[in-house]
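The next block holds one structure in the form of structure tokens; read it before the comments.
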Amino acid sequence: MKSKIAFVTGAKGFIGRHLVKNLERQGFKVNCLKTDITKPESYSITNNTSYVFHLAAKLSHRQSQSSITEKVNVFGTNELLKKAIQLKNLKQFIYVSTISVYGVTKFPAKETSRKNPATPYEVTKLAAEKLVLEAHKKSGLIYTIVQPCVVFGPGDTASPLTTIYQLIKKKVFLPIGCHPVLLQTIFIDDLINGIMATIDDPAALNQDFIMAGETVSLRQLAKIIANVIKTPLLPGYLPVFLAKLMSNFIYHPHSLYFLLTNRVFSSAKARHLLNFSAKTPLEKSLKQTIKWYQKNLP
């Protein structure tokens, strides 16, 4: 049986590492981008590649880094697409974007909802999505766009959950502002299952899919983490203006942005077309993740 050949960008990242392992378990031969996505002359992509998984991205919400964010997320994606449309055996280009392209949401957003990116990361990820759609229209590229919410799990060191965990551990965590903040996360195993579900499924071709777990308030999420590590939560909340003043030495700007805004989404399309849903209970996935945090984070 002929081996399926996949090319993966962002293979050293949190999601990428898990995806590569899963692809190899499923019998794929995986080639990974070993250099800079903005240097197409160094791509190790072979002509017999049948699947491209594009995960490489610069995650920055700082305006001061907008230039490098655009170079990686937009220019890099464009260069990869130029290469992909030349591959005669390419069956599918799978782009892992983000639910952040929708911005802050008051009601569960779906794939047809208005996109309202604000930060350099959000703006450039939406620009990259548009490049994928343009490549489809101009060259017939077969694509799937996956839009995961906040991804976490063992091995994660960059999501806002690491900040929440560390603050609770130090007994200094307080929700910011008096209004409940709603959010959605997805466990890494569930996201990988979702990405794998898009491969070769006719229902997934030339479609975009939000992939999100259950909706939870920030306070509820903190309670689960506090119960797992057996640490009491402080009562009350932190005024927004104080949190912003403390953002340079307690809250990473990305984490603060996350902790202040509602982000809720509907995965109904993925359930309907792919029969996919995030099946791992939140408490179970948090326990696995926190066990890793306790061994590997300060």
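The values are calculated or read from the model by the stated rules, or taken from the named source; none is laboratory data. Keep in mind the model is a prediction, meaning the values are calculated, not measured. Heads up, the Cβs are rebuilt from the backbone with ideal geometry, glycines too, and the neighbour counts pull from every protein chain shown.
Inspect all residues belonging to the stretch 99-110 and state whether any of them is out of contact with any Pro (no Cβ under 6 Å at 6 or more places or on another chain), basic (Lys, Arg) and modelled with pLDDT under 95. Looking for residues that are out of contact with any Pro (no Cβ under 6 Å at 6 or more places or on another chain), basic (Lys, Arg) and modelled with pLDDT under 95, one finds at least one in the stretch 99-110, hence yes. The number of residues in the stretch 109-133 that are surrounded by fewer than 17 Cβ atoms within 10 Å (Cβ to Cβ) and under 17 Å from Gly213 (Cα atoms) comes to 1. Taken as a whole, the stretch 275-284 holds at least one residue that is at pLDDT 80 or above, over 17 Å from Pro160 (Cβ atoms) and basic (Lys, Arg). Taken over the stretch 263-291, the residue count meeting the criterion of being under 17 Å from the mean Cα position of the chain (by Cα), farther than 23 Å from Ile225 by Cβ and in a helix (DSSP H, G or I) is 1.
Given Thr35, Thr49, Thr69, which one is crowded, with 20+ Cβ neighbours inside 10 Å, polar (S, T, N, Q) and either out of contact with any Pro (no Cβ under 9 Å at 6 or more places or on another chain) or within 25 Å of Ile199 (Cβ to Cβ) (or both)? Sole residue among the options that is crowded, with 20+ Cβ neighbours inside 10 Å, polar (S, T, N, Q) and either out of contact with any Pro (no Cβ under 9 Å at 6 or more places or on another chain) or within 25 Å of Ile199 (Cβ to Cβ) (or both): Thr49. Considering (1) surrounded by fewer than 23 Cβ atoms within 10 Å (Cβ to Cβ); (2) under 17 Å from the mean Cα position of the chain (by Cα), the lone condition that Gln92 does not fulfil carries the number (2). Screening the stretch 1-118 for strands (runs of 3 or more DSSP E) wholly inside it with 1 or more residues that are closer than 20 Å to Ile142 by Cα and touching a His at 6+ places or on another chain (Cβ under 8 Å) returns the ranges 4-9, 92-96.
Mind checking whether some residue in the stretch 188-198 is under 30 Å from Leu23 (Cβ atoms), modelled with pLDDT of 90 or more, among the small types (Gly, Ala, Ser) and surrounded by 17 or more Cβ atoms within 10 Å (Cβ to Cβ)? So far as the stretch 188-198 goes, yes, one or more of its residues are under 30 Å from Leu23 (Cβ atoms), modelled with pLDDT of 90 or more, among the small types (Gly, Ala, Ser) and surrounded by 17 or more Cβ atoms within 10 Å (Cβ to Cβ). Here the condition is being in a loop (DSSP other than H, G, I, E, B) and either at pLDDT 85 or above or within 25 Å of Leu126 (Cβ to Cβ) (or both); of Pro232, Pro298, it holds for Pro232 alone.
So, in the stretch 10-63, of the ones that are farther than 18 Å from Phe75 by Cα and aliphatic (A, V, I, L, M), which residue ends up farthest from the chain's Cα centre (by Cα)? Looking at the filtered set, the residue picked out is Val30.
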